[in-house]
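Take a look at the structure below.
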Amino acid sequence: MEQNASSEEIEAKVAENSVQFLSFTLGDEEYGVTILSVQEIRSWEPVSKIPNVPNYEKGVVNLRGAIVPIIDLRERFNLEHSEYTNLTVVVVLQAVCRGRNRTMGVVVDSVSNVMNIQKNNIQSAPDFGTKVSTEFINGIASVDNRMVMLLDVEKLLKLDGLEEDEVEESDD
Amino acid sequence: MSIDMAQFHQVFFEESFEGLAVMESGLLNLDMGDVDSEEINTIFRAAHSIKGGSGTFGFNAVADFTHLMETLLDEMRDGRRQVTQTAVDVLLGSVDCLTEMLTAIQAEDELDEGSVNNHKKALEVELNGESASESPVAVASVASEPVTIASTDDSERGWKIVFCPHTDLLKTGNDPVRMFRELAELGDLDVFVDMQGVPSLLDLDPEDCHLSWTLILKGEIERSDIDEIFDWVEDECDLAIQPLTEEVKVETVTEIADVVPVESVEAVTPETVKTETQSKETKPAAEKAKKPKAATSSSIRVDTSKIDTLINMVGELVITQSMLSLVGEHFSIDKVDQLKTGLIQLERHTRELQESVMNIRMMPISFVFSRFPRLAHDLSSKLNKKIELKLVGEHTEVDKTVVELISDPLVHLVRNSLDHGIEMPADRVAAGKPETGTVTLEAYHRGGNIVIEVKDDGKGLNKDSLRQKAIEKGLIEESTILTDKQTYELIFMAGFSTAEQLTDVSGRGVGMDVVRRNIQALGGSIEIISELGVGSTMAIHLPLTLAILDGQSIAVGDATYIVPLGSIVESVKITDDMVNRVAGKGETFRLRNEYLPIVRMHEIFHVESAKATNLMDGLLVVVEGQGVRCGLFVDDLLGQQQVVIKSLEANYRRVEGVSSATILGDGSVALILDIPGLVRLSNQ
């Protein structure tokens, strides 16, 4: 009991001024998502393709009975596509979107680390104008002199078409 | 050991709503001329248990309200009051009001005091208006009978109450002491206990009540107040309440000569004290229900026999499993046959288990149908029409979700039939039809579907005016040629209303399109058959369950798709001479005397690995959905199987041409095709 209490205290203190992120790489770039949104990390497996959707939406897989879409982050961010190998990693993320818990897998090159980032070390994303889309980037942190882009999972999970659900129902 | 009463609230609400439904259907069935006392009894019992429950849980507003209804019903039951149409209407109104009250309490909303008071007043008027003049309350003959008579008849001197509880009174959670205390609040109370019935200590069961009491209550007290206090225990005791007259007084004195006077209500025998503490404990919980939103949790009542079957199935499954593991432990090639039998058994048990689990979710359609007699009753008086509503096949079972979701569309259809379908009595007579119109609600199984029909013998749909209207509203061109079926389909278009004048019942021009969409969302379809002057029928076809679908898997390249078996008409291999091109592009083929469009799956779904690109190489699956037929061009048919439907939208989004997804035997995901969506897609 006492140990639990003390470890909880430590956790609470850490949580107060720092956030844990899972970092992964896409090419030379390093990205991070808050660890609480990560459900699991899997290896790439073939997906069932969905017709008539953007290229980066790779398809859906069966994740223990639930149908979960897989997104290629490289293509999402307009980076060049790389071949999928056995080492390609899928990070399964979840977040609450419009009151519903959504789960989605994102394809990344490799998962690198779990890191504690001090809250005051996070700066807001720089504005590149329209040249580079920074809509999914929550902020930027520097870890060991490397720049890590922190992603907004909720925005990431809101696929372009997801908003249209309600709209679609009213036409037809 | 306080008991959290909140955990029982959900059950209480469910039971109460069921009770209200019973009351409503009972009231509607009451035949004014010849009242069946059993019918009133049923209504009375429902009211009584709602009152009991709400009192227990501290919903006093409900308890008070129900008490009035109960009093009225009780007088009807005993034949002391005529069953009149006004009384029934007042009671029906009260049922509605009660439903609202309970709904409000369930949602933890404020009660609508105004409407509650109005209904209360109506009930009171009904009660007092006649009871005072008509029935002087019969008191004399109630020596050993439970009494619940509310009357204005009070005694100036007081009451003598002989209260002989049955031995198991305490087990029902009732507490004489508390009742006496309540009595003491009414007036001057003397309590005399009769301990003659108490056995020796050895034989004494402390949970039994062996005491009886004689109570003298002095003061100007309404008899109904006393009745109310004893109301909870009336079935568990012998009770006699008499006005305290001179003669009674004398009698009491002699009678209670050998009865020990009890000093105060508080000093009582140990066993009653025990129950008293119990009842105290329940009080705080009953005060005001503070619980998380109960509306989200839903429960289902299941026939015990269904559960028994399920348990049997699981037992069989366990046996098969142990047999298989035995085979697996020391496996040698000569045991292959044993393994095969085991697997066959396993397959059978799994299927049966699946069926019985599905069965649990099935409930009779009467849950939906039961609300319609009331609707017909209310509407026919509002519209001045004579309408008879027939319910057929209420016991047809469908999935709970279907039952819940079909109810609103059905209400709409029935309302339409009542309002627009059935003509006014005079018009009906003029048309040579019986004055009373008939609306039939029928449910039956056909194949893997349930069909619900709303049939009326009214005026039917007028094709010409439908067409005219559609042209006026710009929904179709003047020159458009429509088949009968297509003409009827017009009423499903948004913004189309056939009502010559709008009523507050229906005909607002929204509706039928919503109805159709709701039904489609359930995976069903709706069809209209109508004949001018004879009547119309709306037939809704719905899948029995939303969880499982009979599907045909088809292959297009390396992708597998599932086509709902119900929508497949046939599969054909076509030859060159069957194919025609329209304007050089749109492909059609001729199937018997019909030209059907060809939908090339690999093209509209952009499957690059498709094997068959030449129409002669693949197969055409002729499918039908919402009245549209087309031929799906696919590589091959794979096999029929039952698939479990999984939502694509839960984590993803709606995809045009795809209704949902499923997981195949190898763990991969296959998309289930949405035929109307595919047709739309191919038209783009």
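Regarding the stretch B:402-409, can at least one residue be identified that is surrounded by fewer than 16 Cβ atoms within 10 Å (Cβ to Cβ), farther than 25 Å from residue B:305 by Cβ and not assigned by TED's automatic domain parsing to the domain that holds residue B:434?
No, the stretch B:402-409 contains no residue that is surrounded by fewer than 16 Cβ atoms within 10 Å (Cβ to Cβ), farther than 25 Å from residue B:305 by Cβ and not assigned by TED's automatic domain parsing to the domain that holds residue B:434.
May I ask you to say which residue of A:87, A:73, A:63 is among the aliphatic types (A, V, I, L, M), under 25 Å from residue B:649 (Cβ atoms) and in contact with a Phe, Trp or Tyr (Cβ under 9 Å, 6 or more places away or on another chain)? Let's see the steps before the verdict.
Details: A:87 fails: under 25 Å from residue B:649 (Cβ atoms); A:63 fails: in contact with a Phe, Trp or Tyr (Cβ under 9 Å, 6 or more places away or on another chain).
None of the others qualify; the one that does is A:73.
Can residue A:60 be described as β-branched (Val, Ile, Thr), more than 13 Å from the chain's Cα centre (by Cα), within 24 Å of residue B:644 (Cα to Cα) and within 13 Å of chain B (Cβ to nearest Cβ)?
yes
Restricting the search to the stretch B:599-622, which residues are farther than 21 Å from residue A:49 by Cβ and surrounded by 21 or more Cβ atoms within 10 Å (Cβ to Cβ)?
Matches in the stretch B:599-622: B:620 only.
Kindly provide the set of residues from the stretch B:223-240 that are under 24 Å from residue B:56 (Cβ atoms) and part of a strand (DSSP E or B), ordered by number.
B:237, B:238, B:239
Could you tell me which numbered condition residue B:351 fails, if it satisfies all but one of (1) in a helix (DSSP H, G or I); (2) of a type outside the set (Ser, Thr, Tyr); (3) at pLDDT 85 or above?
Answer for residue B:351: the failing condition is (3).
Go through (1) touching a residue at least 40 places away in the same chain (Cβ under 8 Å); (2) buried (at least 17 other Cβ atoms within 10 Å of the Cβ) for residue B:358 and report which single condition fails.
In the conditions (1) touching a residue at least 40 places away in the same chain (Cβ under 8 Å); (2) buried (at least 17 other Cβ atoms within 10 Å of the Cβ), residue B:358 misses (2) alone.
How about the stretch B:560-625: which strands (runs of 3 or more DSSP E) wholly inside it have at least 2 residues that are away from chain A (no Cβ under 14 Å), touching a residue at least 12 places away in the same chain (Cβ under 8 Å) and among the β-branched types (Val, Ile, Thr)?
Values: elements: B:568-572, B:579-582, B:586-591, B:594-600, B:619-625.
Passing ranges, in order: B:568-572, B:619-625.
Out of all the residues in the stretch B:632-644, is one or more at positive phi and more than 43 Å from the chain's Cα centre (by Cα)?
No, every residue in the stretch B:632-644 fails to be at positive phi and more than 43 Å from the chain's Cα centre (by Cα).
Here is a check on your reading of the model: is residue B:629 surrounded by fewer than 21 Cβ atoms within 10 Å (Cβ to Cβ), in contact with a helix residue (DSSP H, G or I) (Cβ under 7 Å, 6 or more places away or on another chain), on the phi < 0 side of the Ramachandran plot and not in a loop (DSSP other than H, G, I, E, B)?
Criteria not met by residue B:629.
Quick check on the stretch B:663-684: of everything there that is within 7 Å of another protein chain (Cβ to nearest Cβ) and more than 16 Å from residue A:57 (Cβ to Cβ), which residue is modelled with the highest pLDDT?
Here the residue is B:670.
Residues checked against (1) over 18 Å from residue A:104 (Cα atoms); (2) touching a Ser or Thr at 6+ places or on another chain (Cβ under 8 Å); (3) modelled with pLDDT under 85:
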residue	(1), (2), (3)
A:6	yes, no, yes
A:20	yes, yes, no
A:31	no, yes, no
A:36	no, no, no
A:40	no, no, no
A:43	no, yes, no
A:46	no, yes, no
A:61	no, yes, no
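Every residue, every condition in (1) assigned to a strand (DSSP E or B); (2) surrounded by fewer than 11 Cβ atoms within 10 Å (Cβ to Cβ); (3) in contact with a Leu (Cβ under 8 Å, 6 or more places away or on another chain), yes or no:
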position	(1), (2), (3)
A:69	yes, no, yes
A:86	no, yes, no
A:96	yes, no, no
A:105	yes, no, yes
A:128	no, yes, no
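Which numbered condition trips up residue B:18, out of (1) among the charged types (D, E, K, R); (2) out of contact with any helix residue (DSSP H, G or I) (no Cβ under 6 Å at 6 or more places or on another chain); (3) crowded, with 21+ Cβ neighbours inside 10 Å?
The single condition residue B:18 does not satisfy is (3).
Here is a check on your reading of the model: is residue B:551 closer than 18 Å to residue B:620 by Cα and either touching a helix residue (DSSP H, G or I) at 6+ places or on another chain (Cβ under 8 Å) or assigned to a strand (DSSP E or B) (or both)?
Yes.
Can you tell me how many residues within the stretch B:510-532 are acidic (Asp, Glu) and not in a strand (DSSP E or B)?
Total meeting the criteria: 1.
Does residue A:112 meet the test of being of a type in the set (Ser, Thr, Tyr), surrounded by 11 or more Cβ atoms within 10 Å (Cβ to Cβ) and either at pLDDT below 85 or under 14 Å from residue A:20 (Cα atoms) (or both)? Steps first, please.
Details: of a type in the set (Ser, Thr, Tyr): yes; surrounded by 11 or more Cβ atoms within 10 Å (Cβ to Cβ): yes; either at pLDDT below 85 or under 14 Å from residue A:20 (Cα atoms) (or both): yes.
Against the criterion (of a type in the set (Ser, Thr, Tyr), surrounded by 11 or more Cβ atoms within 10 Å (Cβ to Cβ) and either at pLDDT below 85 or under 14 Å from residue A:20 (Cα atoms) (or both)), residue A:112 qualifies.
Of the conditions (1) more than 10 Å from every other protein chain (Cβ to nearest Cβ); (2) under 22 Å from residue A:46 (Cα atoms), residue B:660 satisfies every one except a single condition; which number is it?
(1) is the only condition that residue B:660 fails.
I want to confirm something. Restricting to the stretch A:71-84 and keeping residues that are of a type in the set (Asp, Glu) and exposed (fewer than 14 other Cβ atoms within 10 Å of the Cβ), which single residue is nearest to the other protein chains (Cβ to nearest Cβ)?
Here the residue is A:83.
Go through (1) away from chain B (no Cβ under 14 Å); (2) in contact with a Leu (Cβ under 6 Å, 6 or more places away or on another chain); (3) buried (at least 19 other Cβ atoms within 10 Å of the Cβ) for residue A:27 and report which single condition fails.
(3)
Out of all the residues in the stretch B:252-262, is one or more charged (D, E, K, R) and at pLDDT below 75?
Yes: the stretch B:252-262 contains one or more residues that are charged (D, E, K, R) and at pLDDT below 75.
Checking the conditions here, which among A:54, A:46 is touching a residue at least 40 places away in the same chain (Cβ under 8 Å) and either facing another protein chain (nearest Cβ under 10 Å) or more than 17 Å from the chain's Cα centre (by Cα) (or both)?
Going through A:54, A:46 in turn, the sole match is A:54.
A quick yes/no check of all residues on (1) under 23 Å from residue B:370 (Cα atoms); (2) buried (at least 19 other Cβ atoms within 10 Å of the Cβ):
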{"site": "B:35", "(1), (2)": "yes, no"}
{"site": "B:46", "(1), (2)": "yes, yes"}
{"site": "B:54", "(1), (2)": "no, yes"}
{"site": "B:59", "(1), (2)": "no, yes"}
{"site": "B:92", "(1), (2)": "yes, no"}
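Please verify whether residue B:365 is touching a residue at least 60 places away in the same chain (Cβ under 8 Å), crowded, with 16+ Cβ neighbours inside 10 Å and touching an Asp or Glu at 6+ places or on another chain (Cβ under 7 Å), treating the condition exactly as stated.
yes
The values are calculated or read from the model by the stated rules, or taken from the named source; none is laboratory data. If you're wondering where the values come from, they're calculated on a predicted model, not measured in any experiment. Reconstructed Cβ throughout: ideal geometry from the backbone, glycine too, with neighbour counts over all protein chains shown.
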